[in-house]
Amino acid sequence: MTEVARPFAGLSEVSIPDDTPVEGEMSTPAGSSGRDDELSTLDEPVKDTVLRDLRAVGNKFVHVLYPKKSSSLLRDWDLWGPLLLCVTLGLLLHGGSSDQDQGGPQFTEVFVLIWFGSVVITLNSKLLGGTLSFFQSLCVLGYCVLPLTVALAVCRLVLLGGSGPVSFGIRLAVVTASFGWSTFASTAFLTDSQPPNRKALVVYPIFLFYFVIGWVVLTFSPSG
C-alpha cells in the first residue's frame with residue numbers, strides 16, 4: 001500500500017541550537033516617533049485643543065482679509081469658521097423690521113441662504129470640472145462671508161445715528177466694498193482649480209451668491 005506523504009513530516013527533525021536567541025524586543029528607531037508625537041492629540045488638554053482650533057480659524061480669517069497664494073485655507077479646511085459667521089450674521093439680522101413680530105424665521109432664512117447657496121455653487125464647480133473637494137469649496141465660500149459680516153456690524157452702528165440719505169450712502173459704500181472683497185477673495189482661491197475655459201461659469205454664481213447676501217445686509221433696518 002502506498003504511503004501517504006505528510007506535508008509537515010520534516011518539522012520534527014528541525015532543531016534550534018541552544019545559543020540561538022528566540023526572544024526579541026520591538027522598538028522604534030530613535031527620532032522616528034517625534035512627528036507622531038507632535039501630531040497626536042489624544043493626550044492633549046482640552047484647553048490646548050480649543051486654543052489650537054481657534055488659532056487655525058483666526059489664521060483662515062487673515063487669509064480671507066489678505067488673499068494670497070496659500071494652500072492652508074484649502075489644505076486644513078474646516079467648517080467651524082463658516083458656522084460661526086453664519087450664526088453671527090443671523091443674530092445681527094435678527095429683529096429687523098421685515099421680521100414683524102417673528103424674528104425666528106429671519107435667522108433660519110439666513111442660515112439656509114448661506115449653506116444652500118454654498119452647496120449649489122460647490123456642485124456647479126464640481127460639474128464644471130473643478131479639482132477641489134466638496135468640503136474645501138464649502139470652507140472657502142463660508143469663510144469669505146467674513147467681509148459681509150463685518151459690513152453688517154458697521155451698518156448696524158451707522159443705523160444708530162438714523163436712517164437718512166447720508167446713512168444709506170455710508171452703508172451702500174461699506175456693503176459694496178465688502179461684497180467686492182468677498183467675491184475677490186473666494187475667486188482667488190477657487191478659480192485656480194477650474195479649467196481655464198470655464199472660470200467665468202464658476203465666478204458668476206459666486207457673484208450672485210454674495211450679491212444676495214450683500215442686498216440682505218444693505219436693506220436691513222432695525223425694527224422700531
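With the simple model of a label 7 Å out from the Cα in the direction of the Cβ, Phe111 to Leu160 spans 2.8 nm.
Accessible surface for segment 104-210, divided over its residues, is 47 Å² per residue with a 1.4 Å probe. In this simple spin-label model, placing a label point 7 Å from the Cα along the Cα-to-Cβ direction at both Asn197 and Phe61 gives a separation of 4.3 nm. Note on segment 86-207: with neighbouring protein chains present and a 1.4 Å probe, carbon and sulfur make up 71 percent of its accessible heavy-atom surface.
Return the Rg/Rh ratio of segment 174-224 with Cα-based radii and a Kirkwood Rh.
Working: Rg = 13.5 Å, Rh = 12.0 Å.
With Rh from the inverse mean 1/r over Cα pairs, Rg/Rh is 1.13.
The values are calculated or read from the model by the stated rules, or taken from the named source; none is laboratory data. No experiment lies behind these values; they were computed from the predicted model shown. FYI the Cβ positions are ideal-geometry reconstructions off the backbone, even for glycines, and counts take in every protein chain you see. Note: areas computed on protein heavy atoms with side chains; ligands, DNA, RNA excluded. Shrake-Rupley method; radii C 1.70, N 1.55, O 1.52, S 1.80 Å.
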